[in-house]
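**Student:** Dropping a structure here in structure tokens format, bear with me for questions.
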Amino acid sequence: MSTKKVIKLGNPLLRLVSQPISEQDYGTKQLHSWADELFHHMKLEKGLGLAAPQIGLNKRIIVFGMEKHPIHVALEPIPFTVLCNPSFQPITDEMYEDYEGCLSVGELRGKVPRYKTIRYQGFDLAGRMIEREASNLHARVIQHELDHLDGIIFLDRIVNHHSLGFYDELVLSGAFSSPPIK
Ligand code: NI
């Protein structure tokens, strides 16, 4: 089924600004197959989200979602969602740092400041508007994936560079209280 793969940092396609989905794209087989492709890779590589540029597709589409975590049960599940032409606004100025990773970055994790509570919106595959409020991990995933559509990688947003490390080392050092997103 899959013809694409997740591309890695260094590939210039990750640094482009993606193009909006146009009105005539909604409801098409093409749009559905792009979304299928994104979910396929996200689930295969156990990510919480994936953005179209990560499979080399210069389109403003993101997918994300998480089932109830078997160990970290306090984490709220995130509905599995496709969003075309997404946008967000912070609801308050409050930001917090937490670890992030990225399927295009491999085993590196680092602490990124993000807005804690946001309102986000976008369109589903049929062009119907989706609008939600989100906080914490859910809000973080949205901000991370939306950045990809503008060619921004989480590494660009790290302020405390001493937080940067390889997953295995950070686990050994006890850095994680809950699993970092990727
Ligand atoms: Ni990413």
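**Student:** Pairs of Cα atoms under 8 Å, at least six residues apart: use those to get the relative contact order of the chain, whole percent. Intermediate results must be reported in sequence, preceding the final value.
**Tutor:** Details: 356 pairs, mean separation 43.4, N = 182.
For the chain, the relative contact order is 24 percent.
**Student:** Enter the accessible area of LEU16 (Å², nearest 10), with the probe set to 1.4 Å and all protein chains included.
**Tutor:** 80 Å²
**Student:** Identify which of LEU57, LEU146, LEU44 has the largest mean-square fluctuation in a Gaussian network model of the chain, with springs joining Cα atoms closer than 10 Å.
**Tutor:** LEU44
**Student:** Another question, if that's okay. Rounded if a/c is under 1.5, else prolate if a/b beats b/c, else oblate: with a ≥ b ≥ c from the C-alpha gyration tensor eigenvalues square-rooted, which is segment 1-105? Walk me through the numbers before you get to the answer.
**Tutor:** Working: a/c = 1.44, a/b = 1.36, b/c = 1.06.
It is rounded, given that a/c, with a ≥ b ≥ c, falls under 1.5.
**Student:** What do you get for the angle between helix 136-149 and the principal long axis of the chain? Use alpha-carbon atoms, 0 to 90 degrees, nearest ten.
**Tutor:** 60 degrees
**Student:** Next up: Quick one: accessible surface of PHE39, probe radius 1.4 Å, all protein chains present, in square angstrom to the nearest 10.
**Tutor:** PHE39 exposes around 40 Å² with every protein chain in place.
**Student:** Give the shape of the chain as rounded, prolate or oblate, defined through the alpha-carbon gyration tensor: a ≥ b ≥ c are the square roots of its eigenvalues, a/c under 1.5 means rounded, and otherwise the shape is prolate if a/b is larger than b/c and oblate if not.
**Tutor:** Numbers: a/c = 1.63, a/b = 1.39, b/c = 1.17.
Verdict is prolate for the chain.
**Student:** Nearest 10 degrees is fine. How inclined is helix 29-44 to the longest principal axis of the chain, computing both from alpha carbons?
**Tutor:** 20 degrees
**Student:** Kindly count the pairs of lysines across the chain whose alpha carbons are less than 18 Å apart, treating pairs on different chains or eight or more residues apart as eligible.
**Tutor:** The result is 20.
**Student:** DSSP beta bridges in the chain, what fraction antiparallel, as a percent rounded to 5? Walk me through the intermediate numbers first.
**Tutor:** Details: 28 of 30 bridges.
Close to 95 percent.
**Student:** Compute the distance from the alpha-carbon center of segment 24-88 to that of segment 128-151, in whole Å.
**Tutor:** 11 Å
**Student:** May I pose another question? Once you place label points 7 Å from the Cα toward the Cβ at ALA74 and LYS29, how far apart are they in nm?
**Tutor:** 4.9 nm
**Student:** With a Förster radius of 45 Å, plug the Cβ-Cβ distance of SER177 and ALA126 into 1/(1 + (r/R0)^6) and report the FRET value to the nearest 0.05.
**Tutor:** Numbers: r = 39 Å, r/R0 = 0.87.
About 0.70, to the nearest 0.05.
**Student:** Separate question: Per DSSP H run of at least 4 residues, take -39500 (n - 2.57); add these up for the chain, divide by its residues and hand me the 222 nm value, nearest 500 deg cm²/dmol. Write down the numbers at each step before the final one.
**Tutor:** On the way: 4 runs with 40 residues, N = 182.
Theoretical 222 nm ellipticity from helices: -6500 deg cm²/dmol.
The values are calculated or read from the model by the stated rules, or taken from the named source; none is laboratory data. Predicted model, so just to flag it, every value in this text is computed and none were measured. In this analysis, Cβ positions are derived from the backbone assuming ideal geometry, glycine residues included, and neighbour counts consider all displayed protein chains. Only protein heavy atoms, including side chains, enter the accessible area calculation; ligands, DNA and RNA are left aside. Shrake-Rupley method; radii C 1.70, N 1.55, O 1.52, S 1.80 Å.
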